[in-house]
1. Before we move on, is A:Phe9 assigned to a loop (DSSP other than H, G, I, E, B), closer than 17 Å to A:Arg150 by Cβ and away from every other protein chain (no Cβ under 14 Å)?
2. With A:Val18, A:Val29 as the choices, which residue is within 14 Å of another protein chain (Cβ to nearest Cβ) and in contact with an Asp or Glu (Cβ under 7 Å, 6 or more places away or on another chain)?
3. Before we move on, is B:Phe84 facing another protein chain (nearest Cβ under 10 Å), touching a residue at least 12 places away in the same chain (Cβ under 8 Å) and of a type in the set (A, V, I, L, M, F, W, C)?
4. So A:Gly216 ticks every box in (1) farther than 17 Å from A:Ser157 by Cα; (2) buried (at least 22 other Cβ atoms within 10 Å of the Cβ); (3) among the small types (Gly, Ala, Ser) but one. Which box is left unticked?
5. Could you say which residue among B:Glu123, B:Glu139, B:Glu92 is charged (D, E, K, R), at negative phi and more than 14 Å from chain A (Cβ to nearest Cβ)?
6. Checking the condition surrounded by fewer than 18 Cβ atoms within 10 Å (Cβ to Cβ), outside any loop (DSSP other than H, G, I, E, B) and either within 12 Å of chain A (Cβ to nearest Cβ) or touching a Pro at 6+ places or on another chain (Cβ under 9 Å) (or both), which residue from B:Lys102, B:Lys10 passes?
7. Mind telling me which of the residues A:Ser135, A:Ser157 ends up being assigned to a loop (DSSP other than H, G, I, E, B), of a type in the set (S, T, N, Q) and buried (at least 19 other Cβ atoms within 10 Å of the Cβ)?
Amino acid sequence: MSVALKRTFEDELTLNEVVALYPDIPRLVIIKTDVQRRGIHYTERALSVVEPDIHLVNDPKISELFGSRDGVKKPLPASLLLRDGTSILVSSTPLEENPYLVDLVDGRLALVDDGEFIEYVEFWRKPRFYDLKTSSGIPMRQIFSARPQRLSIVQSSYCHFWTNHKGCRFCDINNNNKKRNEDEKTQPRIKPQDISETIREALKEPGRFTGICLTGGSVLAGNGLFDKEVDLYIETLQAIGENFATKKFPSQLISSAFNQKQLERLYKETGLMSYTSDLEVLNEEKFNWICPGKADNVGYQEWKQRLIQSVDIFGKGHVATGIVGGVELAKPYGFISEDEALRSTLDEAESLAEKGVTTIFVVWTPRPGSDFHDQHNASLDYYVRLASGLHQLRVKYGLTVDFDDYRRCGNHPDSDLARLI
Amino acid sequence: MAIQLSSELKVLLNDRKVYKALATVDEAGIPDVVLKHSIFTAEDGRIHYLELLESSRTNHNLVRAIWFDGTVSIAVTGPDKQRFQIKGRPVEVHITGPLFEKHYVEVRQSLGDVELSGVWVIEPLEVIDENISFRRKEEDLNRPYFRHLDRLAKTPQK
């Protein structure tokens, strides 16, 4: 097929050049990073081997927070798995953006770039509960989504920061949610019993899951800021917890920056084991520009302080902040050079690591429904240096990130490297 | 390049009563050798190893091997003085999916409340017959200087 490319990457180091430049970083993790950076396109041959009864296929009714890079909702394979167990969370990308191809090579699924074989891959597999309904008739796949070893629930796919047009500029959550609501009838709020029943079914599949992740858009309502959001998470976590013999169960909450009282409630009243609150960009000036809602309602320094305080409650190795790697280079107010951006980001990440907060990143993928939809993400070289730098900070400060690693998440090149810690 | 294991070696590897030792190396080249029952051959001739602990040294070393093209070694000793060493390369690890879940269930039925971190797939590259009489004959033939003279001396007449 012939497509006019909008991006050629000719002025950047190639995958093979980056692999050669960083012999201490595994080629498979560099491949994952580049695939996330550039996106993928499934060939018809690759799609011919999708078996919806076996493989995890995107379903518009499933509450994924963010949209795809091509803005199209299609029943495509959810994501990919490499032979070392590394997940590649990636969505379908327009061909003119020059993505990797997922094709068949010698009858097996493979990543291909410009005719060159890169690696064999596999599709994720569907858990059994996806075909079941709760006693109230709701398809369980609409309550929890699955990754190779993780269950995820989206508490709210509406972010209140967007109400005053102050949503994070890289994010498409509300536009994606709005589009879904246009496409599908709005789903009612999930009831605790439906949550509990779905978890009960998921646990019937031995060896299928190692962790549960809760997340959603920020909810500003309540007596105090985020009180309503905390109440919703407590209700959900308690419903999940009904199914476990132990009070605590491997779990991650990715939420707004809660105050100490709210965090103590979460820890004491539920089985939650870890807490993540995303600063998104580790620089106060860029944060104020890129995340105006977070800046107005909490502020950069206070957000940091709340993360640090949460270490006293959840413990070292159980608290993280997420950043959108590369968004600090967004135009027009981002860093001009990758070197400067990297230095600033890692310095700030170190100030958090010293206090027990670990930093993880996702590869920024400009999506159609976001303010930054027409921008480009950073170079592969940048992402590899960022992954390595964040990993080295964990080594230096003795921080584990087991709740958000290759298996319990799979979306962070830096925490993929934590398999060696 | 991958090789095929002999039928004799496959039988030994699949016998739970046979001792098998898995040797890996860490980042500094320090070896780590552990006795393992959970090593066996698959239908395709490759070796499967069930790793029960995600945080074990062996698992870390296997991750390092699959990432940086490293190799491992498996020593096997049989009831009839068989001694083999297999050099191999970890090429896959199943942390999810049907193969993983099958072994997850089986290993828990067999060992009780244990974890399964992954099913490692090791491609055999070389097999060395370590039986001492075989190795001595081989050395006598190929390296005739490597022997003490008294072994060659005439037996004193009585």
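The values are calculated or read from the model by the stated rules, or taken from the named source; none is laboratory data. Note that the structure is predicted; figures quoted are calculated from it, not measured. Positions of Cβ are backbone-derived with ideal geometry, glycine not excepted, and every protein chain shown enters the neighbour counts.
1. Working: assigned to a loop (DSSP other than H, G, I, E, B): yes; closer than 17 Å to A:Arg150 by Cβ: no; away from every other protein chain (no Cβ under 14 Å): yes.
No: the conditions fail for A:Phe9.
2. Working: A:Val18 fails: within 14 Å of another protein chain (Cβ to nearest Cβ).
Answer to the check: A:Val29.
3. Judged against the criteria, B:Phe84 is not a match.
4. Against the list (1) farther than 17 Å from A:Ser157 by Cα; (2) buried (at least 22 other Cβ atoms within 10 Å of the Cβ); (3) among the small types (Gly, Ala, Ser), A:Gly216 comes up short only on (1).
5. On the way: B:Glu123 fails: more than 14 Å from chain A (Cβ to nearest Cβ); B:Glu92 fails: more than 14 Å from chain A (Cβ to nearest Cβ).
Going through B:Glu123, B:Glu139, B:Glu92 in turn, the sole match is B:Glu139.
6. Details: B:Lys10 fails: either within 12 Å of chain A (Cβ to nearest Cβ) or touching a Pro at 6+ places or on another chain (Cβ under 9 Å) (or both).
Criteria check complete, one pass: B:Lys102.
7. Working: A:Ser135 fails: buried (at least 19 other Cβ atoms within 10 Å of the Cβ).
After applying the criteria, what remains is A:Ser157.
Condition check ((1) surrounded by fewer than 20 Cβ atoms within 10 Å (Cβ to Cβ); (2) of a type in the set (Ser, Thr, Tyr); (3) modelled with pLDDT of 95 or more) across all residues:
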position: A:Phe144; (1), (2), (3): no, no, yes
position: A:Pro192; (1), (2), (3): yes, no, yes
position: A:Ile199; (1), (2), (3): no, no, yes
position: A:Gly222; (1), (2), (3): yes, no, no
